[in-house]
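The values are calculated or read from the model by the stated rules, or taken from the named source; none is laboratory data. Quantities reported herein were computed from a predicted structural model and do not represent experimental measurements. Note that each Cβ is placed from the backbone with ideal geometry, even for glycine, and that neighbours are counted across all protein chains shown.
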Ligand SMILES: N[C@@H](CCC(=O)N[C@@H](CS)C(=O)NCC(=O)O)C(=O)O
């Protein structure tokens with residue numbers, strides 16, 4: 001096996017890895033997993049690859065499974081010796097990069113795990129599950145308001161592009177949704193626009209977020 005295999009779903013977190021694989025010129029096959037919230041079968045099938053049944057799940061050319069987008073991001077930088085997405089050790093922006101990378105995956109990302117299908121965590125009480133999801137969604141807004149003041153321009157780390165920009169550009173498509181970011185976190189919305197307009201990601205972005213391009217077409 002000489003190719004990477006990315007298990008993902010258009011518009012979901014796999015786009016963060018897909019964009020890196022494409023820009024780094026690493027050949028990969030994409031396995032579309034289906035809607036994990038609507039299809040028990042999709043969840044079961046992916047569960048045979050990643051017991052957590054989440055995307056992204058990346059099978060490396062040697063057959064090793066990697067999950068966790070941040071781990072994959074760091075690994076791809078090391079494996080290719082490229083610093084397109086990760087400031088290398090010793091780089092002045094490295095501490096901030098590591099801080100916000102982990103912040104996004106440790107704090108922001110789990111709010112989707114809990115609120116996307118709240119009945120998994122609050123079973124048997126639809127009202128309570130809905131109230132829980134609302135609280136988690138509100139908490140996410142507070143988290144974004146901690147992230148936003150740290151964002152530079154034109155990219156999160158200022159002049160230097162990094163994987164943080166891919167996370168922001170992807171996650172601003174998710175709840176609370178782009179209008180919220182436009183009003184409450186314009187620095188993050190601007191990063192999302194920058195990624196959308198970046199030729200390096202055009203094909204991947206169009207495939208994952210076709211509605212972003214429909215209006216302009
Ligand atoms: N910590 C993981 C989070 C991955 C994640 O939550 N992925 C979502 C899609 S964007 C998912 O697969 N959700 C399905 C579920 O939670 O059951 C990462 O950073 O890769």
| message | Could you tell me how many of the residues in the range 176-197 are in contact (Cβ under 8 Å) with a residue 12 or more places away in the chain, surrounded by fewer than 18 Cβ atoms within 10 Å (Cβ to Cβ) and not in a helix (DSSP H, G or I)? | response | 1
| said: From the list 65, 46, 58, exactly one residue is at negative phi and exposed (fewer than 15 other Cβ atoms within 10 Å of the Cβ). Which is it? | reply: 65
| request: Could you check how many residues of the range 105-124 are within 8 Å of the ligand (Cβ to nearest atom) and either crowded, with 16+ Cβ neighbours inside 10 Å or assigned by TED's automatic domain parsing to the domain that holds residue 14 (or both)? | output: 3
| Residues satisfying the stated conditions in the range 140-175, i.e. in contact with a strand residue (DSSP E or B) (Cβ under 6 Å, 6 or more places away or on another chain) and part of a helix (DSSP H, G or I) | 165
| said: Step by step: first the residues of the range 75-90, then only those that are without any contact (Cβ under 8 Å) to a residue 24 or more places away in the chain and surrounded by fewer than 19 Cβ atoms within 10 Å (Cβ to Cβ), then the one that is nearest to the chain's Cα centre (by Cα). Which residue is that? | reply: 75
